[in-house]
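Novice: Quick one: this structure, given as structure tokens, is what I'll be asking you about.
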Amino acid sequence: MTSSALIPSTSTDRIAEVSRNTAETRITVRINLDGTGQSSLHTGIGFFDHMLEQIARHGLIDLEVHADGDLHIDGHHTVEDVGITFGQAVARAVGDKKGLRRYGHAYVPLDEALTRVVIDLSGRPGLVQNIPFTSGMIGAFDTQLTHEFFQGFVNHAGATLHIDNLRGVNAHHQCETAFKAFARALRFAVERDARAAGTIPSTKGLL
């Protein structure tokens with residue numbers, strides 16, 4: 001059985017908290033889109049915490065993630081459900097999307113690795129990911145779960161996301177550049193555009 005609770009912000013800040021409880025995981029995510037990059041991360045998967053820290057620090061998002069998952073099986077449910085919950089929190093925090101830039105993109109290098117990420121807060125979920133990982137595991141983190149995290153995010157944030165690792169030899173570097181570039185792209189997409197204040201960035205009038 002799955003339950004999900006949204007706790008709305010009581011201020012003008014773009015803050016959201018989402019709790020997701022299933023038979024497999026119990027997760028709480030709290031975000032402030034107008035933060036300074038502070039984070040408190042406890043998923044039970046060290047490398048995944050490190051990647052979430054990249055989202056906070058380089059996205060200038062204050063991020064708290066507390067997850068209790070069935071890690072005795074593997075990390076799949078925990079990583080996927082954190083992606084789902086994070087996506088729900090972002091969707092809640094951006095609200096009606098008036099005045100948002102909507103689009104964001106970034107190229108991020110780390111030594112030999114280089115990744116490009118492009119995001120559109122379109123209201124339509126879509127993920128295209130091309131990361132030819134050179135290793136199946138990074139510590140206790142299965143690299144296949146990178147896709148599961150971002151798929152959960154786009155499905156529940158209502159975002160279109162393209163991730164392309166353009167080059168890389170070290171799997172840690174490949175993954176880290178993807179998360180850092182995602183953070184930078186998301187940061188730009190959720191920024192308020194003073195020239196577009198009060199308007200929806202779409203000819204449809206709705207996102």
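Novice: Within the range 138-147, which residues are in a helix (DSSP H, G or I) and more than 14 Å from Pro125 (Cβ to Cβ)?
Specialist: Leu145, Thr146
Novice: Which pairs do you get when a residue that is within 28 Å of Gln54 (Cβ to Cβ), found in the range 186-201, comes within reach of a residue that is of a type in the set (Ser, Thr, Tyr), reach meaning Cβ atoms under 7 angstrom, with the pair 6+ apart or on two chains?
Specialist: Ala189/Tyr103
Novice: Now for a separate question. Quick check on this structure: which one of Gly59, Gly46, Gly37, Gly75 is at pLDDT 95 or above, more than 15 Å from the chain's Cα centre (by Cα) and surrounded by 15 or more Cβ atoms within 10 Å (Cβ to Cβ)?
Specialist: Exactly one residue qualifies, and that residue is Gly75.
Novice: Looking at Gly123, Gly104, Gly87, which is the one that is part of a strand (DSSP E or B) and touching a residue at least 40 places away in the same chain (Cβ under 8 Å)?
Specialist: Gly104
Novice: Let me ask something else about it. Would you point out the residue of the range 94-146, among those that are of a type in the set (Asp, Glu) and buried (at least 16 other Cβ atoms within 10 Å of the Cβ), that is nearest to Ala171 (Cα to Cα)? Even if it seems obvious, please write down each step before you answer.
Specialist: So in the range 94-146, the residues of a type in the set (Asp, Glu) come out as 96, 111-112, 120, 142.
The next check asks that each one be buried (at least 16 other Cβ atoms within 10 Å of the Cβ); those that pass are 120, 142.
Details: Asp120: 26, Asp142: 11 Å.
So, considering only residues that are of a type in the set (Asp, Glu) and buried (at least 16 other Cβ atoms within 10 Å of the Cβ), the one nearest to Ala171 (Cα to Cα) is Asp142.
Novice: How about the range 159-183: which of its residues are closer than 20 Å to Glu148 by Cα and either among the basic types (Lys, Arg) or modelled with pLDDT under 95 (or both)?
Specialist: Within the range 159-183, just Lys180 meets the criteria.
Novice: Restricting to the range 12-23, and then to whatever is among the charged types (D, E, K, R) and buried (at least 16 other Cβ atoms within 10 Å of the Cβ), can you tell me which residue is farthest from Asp68 (Cα to Cα)? Let's see the steps before the verdict.
Specialist: Here is the first cut: in the range 12-23, the ones among the charged types (D, E, K, R) are 13-14, 17, 20.
Still in the running and buried (at least 16 other Cβ atoms within 10 Å of the Cβ): 14, 17, 20.
Numbers: Arg14: 26, Glu17: 16, Arg20: 11 Å.
Looking at residues that are among the charged types (D, E, K, R) and buried (at least 16 other Cβ atoms within 10 Å of the Cβ), I get Arg14.
Novice: Can you confirm whether the range 177-192 contains a residue that is more than 23 Å from Leu60 (Cβ to Cβ), more than 15 Å from the chain's Cα centre (by Cα) and surrounded by fewer than 23 Cβ atoms within 10 Å (Cβ to Cβ)?
Specialist: no
Novice: Here's a follow-up. Any residue in the range 26-37 that's more than 13 Å from Glu64 (Cβ to Cβ): show its pairings with residues that are among the β-branched types (Val, Ile, Thr) and part of a strand (DSSP E or B) at Cβ separation under 8 Å, as long as the two are six or more apart or on different chains.
Specialist: Leu33/Ile15
Novice: Select from the range 1-30 the residues that are at pLDDT 50 or above, under 19 Å from Ala93 (Cα atoms) and either in a strand (DSSP E or B) or of a type in the set (Ser, Thr, Tyr) (or both) and list them in ascending order.
Specialist: Thr12, Ile15, Ala16, Glu17, Val18, Ser19, Arg20, Ile27, Thr28, Val29, Arg30
Novice: For the range 126-172, enumerate the residues that are under 24 Å from Leu207 (Cβ atoms) and in contact (Cβ under 8 Å) with a residue 60 or more places away in the chain.
Specialist: Of everything in the range 126-172, those that are under 24 Å from Leu207 (Cβ atoms) and in contact (Cβ under 8 Å) with a residue 60 or more places away in the chain turn out to be Phe149, Phe150, Gln151, Gly152, Phe153, Val154, Asn155, His156, Ala157, Gly158, Ala159.
Novice: Kindly indicate which of Phe153, Phe86, Phe149 is closer than 21 Å to Ile61 by Cα and touching an Asp or Glu at 6+ places or on another chain (Cβ under 9 Å).
Specialist: Phe149
Novice: Anything in the range 152-207 that is over 29 Å from Ile27 (Cβ atoms) and in a helix (DSSP H, G or I)? List them, or say none.
Specialist: Matches in the range 152-207: Ala194, Arg195, Ala196.
The values are calculated or read from the model by the stated rules, or taken from the named source; none is laboratory data. Owing to the predicted nature of the structure, the values given are computational and were not obtained by experimental measurement. Because the Cβ atoms are built from the backbone with ideal geometry, glycine has one as well, and the counts that use them run over all protein chains shown.
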